[in-house]
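*Asks:* Below are the structure tokens for one structure; questions will follow.
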Amino acid sequence: MPRTVVLAIISLAGIVGCSQPTGDVTPQTTSAPSYEEQLRLQLETAKAGDIIVIPEGVHSFSRGLTLNTDHVTIRGAGMDKSVLSFKDQIAGAEGLLVNASNFTIEDLAIEDTKGDALKINEGKNIIIRRVRTEWTNGPSTENGSYGIYPVQTENTLIEGSVAIAASDAGIYVGQSRFVVVRDNRVEFNVAGIEIENTVHADVYNNVATNNTGGILVFNMPNLPQEGHSTRVFDNYVMDNNTINFAPAGTAVAGVPAGSGIIINSNDKVEIFANRIGNNQTANVLISSVFSAGYSERTFADAFDPYPETIYIYDNEFSPGGNAPDRKELEALRVATFGEDGRLPDIVWDGVTNPERNDAMGVICIDNGEAILVNVDARNGYRNISTDMTNHRCVHEKLAKVTLAGQ
């Protein structure tokens, strides 16, 4: 049977059986351990099968917390009831760092961490359910980078959670395999949801609004794993126009405000059945790392910088692209579509693998009247094209991601 550990302040006074001082004996007092000390001790001494229950209330912490034990659950009373506050944090790179597998965390909030809020490193069979991460001051470069941050994990579920005001990504899954991100809300982050260098991910039924970029599917160079096979579907991706507040030099510092869904150097990506609109740069952006400022000298020869086998179909687009957050795209909008015009729903930098003999199948569009514009970024935006000849095609659809044991 699992141990259920309920954390509560321990009173040492009035314990049955304690003798009372007599005569001139000075009473000895022992202060109860702080809530922070209790939780830290429970995490450090946790055994497989433990359920650590966080009671209602706002609980303050000055240092980050760490869990290194497999098969542990941390459970609160609700994401607005059990709050771990790190507003006064003076040490630690995260709020909670987990180096463990078969880990579940649910029904609590982590607020105002100096660095990342919740990081899970190299674990398998991870469940993050109804967790809120938030910087309560709103968007700021001083906020921590990541809200919910599993990296190098396998068999990971993130559902019913909320991530607000991260200076990088609200929900970030990096260098992982077999991932489901569903039924979450991400708002006022630089990147709402970011799937990076990850293999087999399903991202669906999420609300991404008021971020700089709503949902990102990236491959970055010089990492041990390249990602592919991501499905982004049934999401609400609207009004992602928050000014980029990422620290300079970070990967997402180059994300234009007003980006709905961005695919960067990733392969086998499906975007379908989403509601996407009023993203002022573009509803969908597709690019290579060259458009992010990388040159071939900055990554290994084995890295594939070109987005390929992209399939966009059955989305509901509403107008976007009316005020691009890049001077080149704004100039292109005015010159090509007029002062009151908008960029098409899908904007592609046009960078292709020079070793390919044809463009057919790089990006397939089966989305009613939706148009792709090739902005020819590598040649200085000289040959703008909305010719859909090579894009009226279909790809074989990806399989559903199934998580083991769920």
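Here, each number is a calculation from the coordinates, and none is a lab measurement. Source: prediction; values computed, not measured. Every residue, glycine as well, gets a Cβ built from its backbone with ideal geometry; the counts of neighbours run over all protein chains shown.
*Asks:* Please turn the phi angles of region 205-214 into ³J(HN,Hα) values with the Karplus equation 6.51 cos²θ - 1.76 cosθ + 1.60 (θ = phi - 60°), one per residue in order, whole Hz, x for glycine and proline.
*Replies:* Result, rounded to whole Hz: 6, 9, 10, 10, 9, 6, 8, 5, x, x.
*Asks:* Send over the Kirkwood Rh of the chain, from the inverse of the averaged 1/r over different Cα pairs, rounded to one decimal Å.
*Replies:* Result for the chain stands at 22.4 Å.
*Asks:* Here is a follow-up. Ranking Trp135, Trp348 by Cβ neighbours within 10 Å, fewest first, what do you get?
*Replies:* Trp135, Trp348
*Asks:* So for Glu226, Glu44, Glu330, Glu339, fewest C-beta neighbours within 10 Å to most, what's the order?
*Replies:* Going from sparsest to densest Cβ surroundings: Glu339, Glu44, Glu330, Glu226.
*Asks:* Show me, for region 246-254, the HN-Hα J-couplings you get by feeding each phi into the Karplus relation (A = 6.51, B = -1.76, C = 1.60, θ = phi - 60°), rounded to Hz, glycine and proline as x.
*Replies:* 5, x, 4, x, 7, 4, 8, 5, x
*Asks:* Cβ under 13 Å from Gly192's Cβ, Gly192 left aside: what net charge do those residues give with Lys, Arg +1 and Asp, Glu -1?
*Replies:* -3
*Asks:* Please list, ordered by chain and number, the residues whose modelled amide H lies under 5 Å from the amide H of Leu216; skip anything fewer than 5 residues away on the same chain.
*Replies:* Result for Leu216 returns Ile193, Glu194, Ile195, Ile262.
*Asks:* Quick one: Cα centre-to-centre distance for region 245-280 and region 156-209, in angstrom?
*Replies:* Between the Cα centres of region 245-280 and region 156-209 lies a distance of 12 Å.
*Asks:* Could you give me the ³J(HN,Hα) list for region 141-156, computed from phi with Karplus coefficients 6.51, -1.76, 1.60 and θ = phi - 60°, whole Hz, x at Gly and Pro?
*Replies:* 4, 6, 5, x, 6, 10, x, 9, 9, x, 9, 6, 10, 9, 6, 10
*Asks:* For the chain, set up a Gaussian network in which alpha carbons nearer than 10 Å are linked by springs, and say which option among Glu36, Glu194, Glu154 fluctuates the most.
*Replies:* Residue with maximal mean-square fluctuation among Glu36, Glu194, Glu154: Glu36.
*Asks:* Cut-off under 28 Å on the C-alpha distance; same-chain residues fewer than 8 positions from Lys114 excluded. Which lysines are left, in chain and number order?
*Replies:* Lys81, Lys87, Lys124
*Asks:* Order these by the 10 Å Cβ neighbour count, fewest first: Lys397, Lys119.
*Replies:* Ordered by Cβ neighbours within 10 Å, fewest first: Lys397, Lys119.
*Asks:* Now, a different point. Would you pull out the residues with amide H under 5 Å of His228's amide H, same chain only if 5 or more places away, H placed 1.01 Å from N?
*Replies:* Correct list: Thr198, Val199, His200.
*Asks:* Only Cα pairs under 8 Å and at least 6 apart count here; give the relative contact order of region 337-406 as a rounded whole percent.
*Replies:* Across region 337-406, relative contact order equals 33 percent.
*Asks:* In the Gaussian network model of the chain, springs joining C-alpha atoms below 10 Å, which of Gln42, Gln152, Gln225 carries the largest mean-square fluctuation?
*Replies:* Gln42
*Asks:* Against the longest alpha carbon principal axis of the chain, how many degrees, from 0 to 90 and to the nearest 10, is the axis of helix 327-337 turned?
*Replies:* Helix 327-337 and the main axis of the chain meet at about 40 degrees.
*Asks:* Right, here's the next one. Quick one: putting +1 on the C-beta of Lys and Arg, -1 on the C-beta of Asp and Glu, what dipole do you get for the chain around its Cα centre, in Debye to the nearest 20?
*Replies:* So the magnitude is around 560 debye.
*Asks:* Where is the GNM fluctuation largest for the chain (alpha-carbon springs, 10 angstrom cutoff): Leu343, Leu332, Leu223?
*Replies:* For the chain, modelled as a Gaussian network with Cα springs under 10 Å, the answer is Leu223.
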